[in-house]
Amino acid sequence: MQTDIVIIGGGASGMMCAVQAAWLGHEVIVIEHEAQPCRKLNITGKGRCNVTNNCDVQTVMANLPRNSKFMYSSLSRFAPEDVMAFFETLGIELKTERGNRVFPVSDKAQDISGALINAARDAGVRIVCDDALSLIMEDGEVRGVKCRKSEYFGRCVVVACGGISYPKTGSTGDGYTLARQAGHTVTECTGSLVPVELYGECAQAMGLSLKNCGLTVTDNTTGKKVFEQQGEMLFTHFGMSGPLVLSASAHMHDIVKGKYTFAVDLKPALDEKKLGERILRDFSEVPNRDFGNSLGRLLPASIIHVIIKRSGISPVKKVNQITREERESLIRAIKSLTFDVKGLRPVSEAIITRGGVEVGEVSPKTMESKLVKGLYFIGEVLDVDGYTGGFNLQVAWATAYAAAQAF
Ligand SMILES: Cc1cc2nc3c(=O)[nH]c(=O)nc-3n(C[C@H](O)[C@H](O)[C@H](O)COP(=O)(O)OP(=O)(O)OC[C@H]3O[C@@H](n4cnc5c(N)ncnc54)[C@H](O)[C@@H]3O)c2cc1C
């Protein structure tokens, strides 16, 4: 099959690139090996799709811990405001929530993917279900793609295959194989924005979701705090997950036993003095109660036994016999519940892949390979990753737009 532009991967970046290229008059084929395009996009933002972050380019770059400079050119030409205008043009109403996170008003990720797919079809893009196996190259130039069912030829081939996280959505790392075939370097791929395995009693509180707690992560080798934020998290059988923990994971590297410690603040709205007063008040109401039965109003049930153990106070001690030192120890346990980090969950459970096609071998202006003419890389397949907040999709949109402008 012959066309102008062949895009491998009908995910966020591939579909954006297809729409933009078709709008510029190019003939486009998207090859997608899943039955439907945009499977991953449909599960983003817990099914609500955090489309982008309503902020300026500098702020986006500050939220890309790896290779942010590479992104400057493309972000400047397709900034968050342009992304928002693009979706609004497609008839999607957007809203900005806490942390400048942008979502569709409908809270449905499928509205975002549906709008992209419809825009592509309306612009004449052909979306074919096939599995790209290898690039067809000649004289240092790409000519097309060999797929399981057919061969597709075009003057430009775009690798938009995503990374290796959540492989059930179709992102199985094929983009790295294609990049290597073209002679590109692929940096080591691990997970970022991934749940964290911890030593300690997390499993005892499994299922407990804390809507507002504090988390501080300390690098014990330097004594420095590498992460400090408040938000939502979840205790699991292996450790912790939830938005706050996923964000923290992006700040931890080369994890070995004892390197990082998590300190959870179960009462971030109360400083130690206020928490002390609150505990005294609670205790004064039930002076003859056993300590083990006295924390029900202050803490969720499933974490109480952990806090009792960490406080070092006997659970059968009457609360009116608890000393000041013991109260201080209880306050410490609540304000700084520590766990040593064991490691990160596998990349398959990560929101985003850290690592990918070496950006030094790709033009930051056009996303074209510096090694093979006509070959482009966009989206998560590149060695760029962001924190939570819509920054990863912003990377997908901006790199897709840059490539489309260059065809
Ligand atoms: C659970 C979850 C929630 C997320 N939430 C958010 C969020 O709210 N906001 C945000 O900014 N980011 C979020 N992300 C990250 C975001 O989804 C990715 O950054 C984005 O999807 C990357 O786009 P992409 O086009 O590069 O890759 P993908 O969206 O992964 O698309 C790649 C496509 O290529 C196809 N493909 C792969 N190999 C082949 C092949 N050989 N032949 C044919 N087709 C192929 C795949 O099937 C897939 O459809 C989330 C990720 C996950 C896993």
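The values are calculated or read from the model by the stated rules, or taken from the named source; none is laboratory data. The structure presented is a predicted model; accordingly, all values stated were derived computationally and were not measured. Counting neighbours? That spans all protein chains shown, and the Cβs are built from the backbone with ideal geometry, glycine included. Surface areas here come from the heavy atoms of the whole protein model, side chains and all, with no ligands, DNA or RNA. Shrake-Rupley method; radii C 1.70, N 1.55, O 1.52, S 1.80 Å.
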Within region 4-24, is even one residue without any contact (Cβ under 8 Å) to a residue 24 or more places away in the chain and open to solvent by 50 Å² or more (accessible area, probe 1.4 Å)?
no
Among the residues in region 89-99, are any touching a Leu at 6+ places or on another chain (Cβ under 8 Å), within 13 Å of the ligand (Cβ to nearest atom) and modelled with pLDDT of 95 or more?
no
Candidate set from region 56-68 (those that are in contact (Cβ under 8 Å) with a residue 60 or more places away in the chain and part of a helix (DSSP H, G or I)); member that is surrounded by the most Cβ atoms within 10 Å (Cβ to Cβ):
60
Residue 355 - would you say it is within 16 Å of the ligand (Cβ to nearest atom) and of a type outside the set (Ser, Thr, Tyr)?
yes
Output for region 27-42, where each listed residue is of a type in the set (A, V, I, L, M) and more than 9 Å from the ligand (Cβ to nearest atom):
28, 29, 35
Going by the conditions given, is residue 49 closer than 21 Å to residue 93 by Cβ, of a type in the set (A, V, I, L, M, F, W, C) and within 9 Å of the ligand (Cβ to nearest atom)?
yes
Name the helices (runs of 4 or more DSSP H) wholly within region 295-407 that hold at least 2 residues that are of a type in the set (S, T, N, Q) and outside the structural domain of residue 279 (by TED's automatic domain parsing)?
391-406
Scanning region 144-200 for residues that are open to solvent by 20 Å² or more (accessible area, probe 1.4 Å) and of a type in the set (Gly, Ala, Ser) gives 150, 183, 200
